[in-house]
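Take a look at the structure set out below.
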């Protein structure tokens, strides 16, 4: 058995033990959906980091920096800065006024059924897109990391899918939280160790390190090239490059605070103050991680080299290959196991947020008008829907196959979160005049604008040469109508516009009467959901 | 629980009374004084990065220390900017919490009788 496989199995064993432990503490809705609201601030902060930093961050950004230098590092900045929106605008009002989902906050003053139905649709869209992107990446990655052990793409996808379903169905939010905490600690430890090894390679001289970055050599179309990788412009090229980066920045800054799987984490802590402190914990970890991508990415570019990475699995393998070059096979296996843990923690977070929204928003509140017909029904429905959501994601990922072009799905998830979810949450908390028509219009316009613009963007619309086949081909074989890969710059204003116009064109006095309640609740915590007793 | 409290004779709920109270309006004013400038500042600081890199690449490529250029230092400074704002907000948050605690106590104490205007 190969060393990476052994480490994978150790991680799986530990997480399954946690799931078993958590399953005995997950009776009742508040325990199952929100871990009894007893998670400590540092724990939740670490779990948010574990929920957020996907394989796209760990392997993807290291790869982008290794291949495109500075622009990759600049790309990583927005992922941290986005947490200021979470901290300043969203985390505390959400914890104060909500129960299990983001729609709880909307339902206070607006008509619950239409608002919850739309919010649930948007949540399921974001989560499913994001999950499929992670699963396809996971399958390709596990197959690559475990090359030689006979594990195929399909087996890997099913394995990841089954594990995430087991965590969520049996262990609920508590198990998900601890899987995310362990993953985040592993990720930070591995990244720190790798960074120290990179610096020791340069005898701990930053001067030598940055000088090496100034002379990265590789072959481009057979010709040797020497480039300064600290110079901007290798990825975001004119005319649309800078605009695309601004558009991505908007999607990150408004979208992170609208990602359902991040938002639900703030329901797991006892109060708004703990929620605030947990965002700061998360920011410390996430920021530390992205700063260290300097060492991972540029380290791979200078120590391993682009040519070698390109012929040994491509840019996603930059960080594992760097580990192998610096400290041999065991460290390589450790980094591979971290990548695997990273994927599992993220997909588990997505599964629980999707199933919570379906059970709490759609099943209980839309279909059954807020009444549980039998005690425990909501949790039961959530467990079943976690299974169904997981099965759907597995099926789609297998049908798409390992070569499918799925990077756009992450961009799409952020765009929907930024253009549909965030505008209605913000307007609901801050604008007295806001009403149901506005919320439904904002969610619908934000959702449709994001999907529509991605469909006609270069991610899905381009002319491929005949050598590109199957699901790797672009969906629409024509020149893209919208020049940017990230629709945020247009879809976010459209989402806000939809919400504002919908409100102004309709009349709903009750939403204004109940504004004081939401205002006081969200700002003071009066009447907020309490943590479970005990411990 | 405040949820259970019915509107009084004037049709005012506990929420309306708290929302109209001096203390609550002070809290909202304090929050706005911090949050709005902080939000605008971080947006401006962050979007300066892609704008400068995209439209002033020459300036951003100026080397400051060894091979380290302005572009890298400015990107790096973004992390510290985010941490500093987060730290300041946590300090301000302690003040908000103290007032919120007072408001909650008053609201539960006055209950259904008189508002604390």
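One table, with the values for the structure above:
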| item | result |
| --- | --- |
| Test set (1) assigned to a helix (DSSP H, G or I); (2) surrounded by fewer than 24 Cβ atoms within 10 Å (Cβ to Cβ); (3) touching a residue at least 24 places away in the same chain (Cβ under 8 Å) - residue A:155 fails condition number | (3) |
| Residue A:488, sole failed condition from (1) surrounded by 20 or more Cβ atoms within 10 Å (Cβ to Cβ); (2) without any contact (Cβ under 8 Å) to a residue 24 or more places away in the chain; (3) under 30 Å from residue A:238 (Cβ atoms) | (2) |
| Residue check, residue A:375 surrounded by 16 or more Cβ atoms within 10 Å (Cβ to Cβ) and not in a helix (DSSP H, G or I) | no |
| Scope region A:219-237; condition more than 27 Å from residue B:55 (Cβ to Cβ) and touching a helix residue (DSSP H, G or I) at 6+ places or on another chain (Cβ under 7 Å); matching residues | A:219 |
| Index of the failed condition, residue A:307 passing every other in (1) in contact with a strand residue (DSSP E or B) (Cβ under 8 Å, 6 or more places away or on another chain); (2) buried (at least 22 other Cβ atoms within 10 Å of the Cβ) | (2) |
| Subset of region A:486-535 (residues that are away from every other protein chain (no Cβ under 14 Å) and under 30 Å from residue A:242 (Cβ atoms)) | A:487, A:490, A:491, A:493, A:494, A:495, A:496, A:497, A:498, A:499, A:500 |
| Residue identified as modelled with pLDDT of 90 or more, buried (at least 16 other Cβ atoms within 10 Å of the Cβ) and within 9 Å of chain B (Cβ to nearest Cβ) among A:210, A:206 | A:210 |
| All positions within region B:77-103 that are more than 7 Å from chain A (Cβ to nearest Cβ), farther than 16 Å from residue B:41 by Cα and surrounded by 13 or more Cβ atoms within 10 Å (Cβ to Cβ) | B:92, B:95, B:96, B:99, B:101, B:102 |
| Filter result for residue A:106 (modelled with pLDDT under 90, away from every other protein chain (no Cβ under 14 Å) and either touching a helix residue (DSSP H, G or I) at 6+ places or on another chain (Cβ under 6 Å) or buried (at least 24 other Cβ atoms within 10 Å of the Cβ) (or both)) | yes |
| Residue A:288 being assigned to a helix (DSSP H, G or I), within 14 Å of chain B (Cβ to nearest Cβ), more than 20 Å from the chain's Cα centre (by Cα) and under 19 Å from residue A:196 (Cβ atoms) | no |
| Qualifying residue in region A:229-238 (condition: over 22 Å from residue A:315 (Cα atoms) and either within 11 Å of chain B (Cβ to nearest Cβ) or surrounded by fewer than 16 Cβ atoms within 10 Å (Cβ to Cβ) (or both)) | yes |
| Qualifying residue in region A:44-59 (condition: outside any helix (DSSP H, G or I), touching a helix residue (DSSP H, G or I) at 6+ places or on another chain (Cβ under 9 Å) and modelled with pLDDT under 90) | yes |
| Test: residue in region A:498-512 that is under 29 Å from the mean Cα position of the chain (by Cα), at negative phi and assigned to a loop (DSSP other than H, G, I, E, B) | no |
| Some residue of region B:104-111 being on the phi > 0 side of the Ramachandran plot and more than 7 Å from chain A (Cβ to nearest Cβ) | yes |
| Hey, residue A:168 within 30 Å of residue A:40 (Cα to Cα), buried (at least 20 other Cβ atoms within 10 Å of the Cβ) and touching a residue at least 24 places away in the same chain (Cβ under 8 Å) or not | yes |
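The values are calculated or read from the model by the stated rules, or taken from the named source; none is laboratory data. Quick caveat, the model's predicted, so the values are computed rather than measured. Neighbour counts run over all protein chains shown; Cβ positions are idealised from the backbone, glycine included.
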